[in-house]
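Before any comments, here is the structure.
The values are calculated or read from the model by the stated rules, or taken from the named source; none is laboratory data. Values in this document were obtained by computation on a predicted structure and should not be read as measured data. Note that each Cβ is placed from the backbone with ideal geometry, even for glycine, and that neighbours are counted across all protein chains shown. Protein only, heavy atoms only, side chains kept; ligands, DNA and RNA dropped before computing areas. Shrake-Rupley method; radii C 1.70, N 1.55, O 1.52, S 1.80 Å.
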Amino acid sequence: MLVYSGIFILIITGYAFINCISPCFNQTEKIGLSFPAGLAVQTFLMLLLDMLYIPFTKTSLFSLQLLTLVGCSMYLFKTGIYKTVFSFSYRKMGKGINLVWLLFLVGIVYIEYMNFAKCIYFPPVDRDSLAAFETIGYVTAQEQTFKHNILYNSGYNIHVHGPGSYISYTPMVMLSYAYVYVLGAVNSKLINALIYVFFLITIYGCGKRLTTKTGTIMATFFILLTPEMLTFSSLSTTNVIQAVYVGPAVLYSILWFRKRQRKDLYMAAFLMACNLWSRAEGIVFIGAVVCLLATDSIRKKAGKNF
């Protein structure tokens, strides 16, 4: 029960954080981004806890979440943003829905249900997860610390500080698994299952700002069916988790170039940072987008308008 409570608070916190960036995103975007954003913020704050030598316990993690939620809520009320947080239009919801849209929705729900069930049912079995991410997350939860984890002790593993070691990975994924293990989860696959579901919601919510609802749900369906993406979504590696952040980040960058709304630029920047927080190689995507932004800024002489 504590695990589900922790996930629920995580989603609420992420939803509030997204509204702090901008309340003008549509509700589908906010819901889709809520879990990935909440997870990124929570793991970052967990690292700060660890630096302050505060152990990872149920009390410390729930207190951290509640403080974050209170902080976001205070900002929303102070700025008056709370008035538009839950704005919703039933007319817009039904507009653009047709039989083709419904058929693709049924396909997405059916396939993702099977993928979700597979992800939850089978424990982590792939070599990379057991050799690094899953094991580090589990041991971190048991020892209630990440920085002083025994697996990072060169006396325990003499090759831990060598090239290619698991110590070279950014800590978000391991801390995500540690989070659910501290709360009493049997295994960490709930993180992988949920983040993929919310990724699909995000793609649809963001994509329908670029094209029609029918075109967007078709694109979401084919993204879901991407062979390697679907395969790795049930593994406890960093690949899909990084894609969950960098994919929408690129979409928001495209939206910025098309519509010039600051909220899209801010969201792209936040998701790009999360992409780097989940995997260090994500810097190549940041470099590519920064080059495009710099080129556009120089061409239009609009750098100070960011």
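Quick check: anything in segment 58-65 open to solvent by 70 Å² or more (accessible area, probe 1.4 Å), over 28 Å from A185 (Cβ atoms) and modelled with pLDDT of 90 or more?
No, every residue in segment 58-65 fails to be open to solvent by 70 Å² or more (accessible area, probe 1.4 Å), over 28 Å from A185 (Cβ atoms) and modelled with pLDDT of 90 or more.
Listed by first and then second residue, the pairs linking a residue in segment 117-144 that is over 12 Å from K189 (Cα atoms) to a residue that is open to solvent by less than 70 Å² (accessible area, probe 1.4 Å) and modelled with pLDDT under 80, with Cβ atoms under 6 Å apart and 6 or more places separating them unless they lie on different chains, are A132/Y166; I136/L151; V139/L151. Put simply, of L235, L251, L255, L293 the only residue that is modelled with pLDDT under 90, surrounded by 17 or more Cβ atoms within 10 Å (Cβ to Cβ) and more than 23 Å from T170 (Cα to Cα) is L293. Residues of segment 215-232 that are open to solvent by 40 Å² or more (accessible area, probe 1.4 Å), more than 17 Å from K118 (Cα to Cα) and free of Cβ contacts under 8 Å to residues at least 40 places away in the same chain: A219, F222, I223. Of the residues that make up segment 23-32, is at least one in contact with a helix residue (DSSP H, G or I) (Cβ under 6 Å, 6 or more places away or on another chain) and closer than 19 Å to K189 by Cα? Yes - at least one qualifying residue is present in segment 23-32.
Pairing residues of segment 35-50 that are outside any helix (DSSP H, G or I) with residues that are open to solvent by 10 Å² or more (accessible area, probe 1.4 Å), at Cβ distances under 7 Å and at least 6 apart in sequence or on separate chains, gives no pairs at all.
Within segment 250-258, is even one residue in contact (Cβ under 8 Å) with a residue 40 or more places away in the chain, touching a Cys at 6+ places or on another chain (Cβ under 8 Å), among the aromatic types (F, W, Y) and in a helix (DSSP H, G or I)? Yes: one or more hits. Just one of the listed residues (Y113, Y53) is part of a loop (DSSP other than H, G, I, E, B), modelled with pLDDT of 85 or more and either touching a strand residue (DSSP E or B) at 6+ places or on another chain (Cβ under 7 Å) or open to solvent by 100 Å² or more (accessible area, probe 1.4 Å) (or both), namely Y53. Under the condition of being open to solvent by less than 30 Å² (accessible area, probe 1.4 Å) and either farther than 23 Å from S234 by Cβ or modelled with pLDDT under 90 (or both), the residues counted in segment 195-214 number 4.
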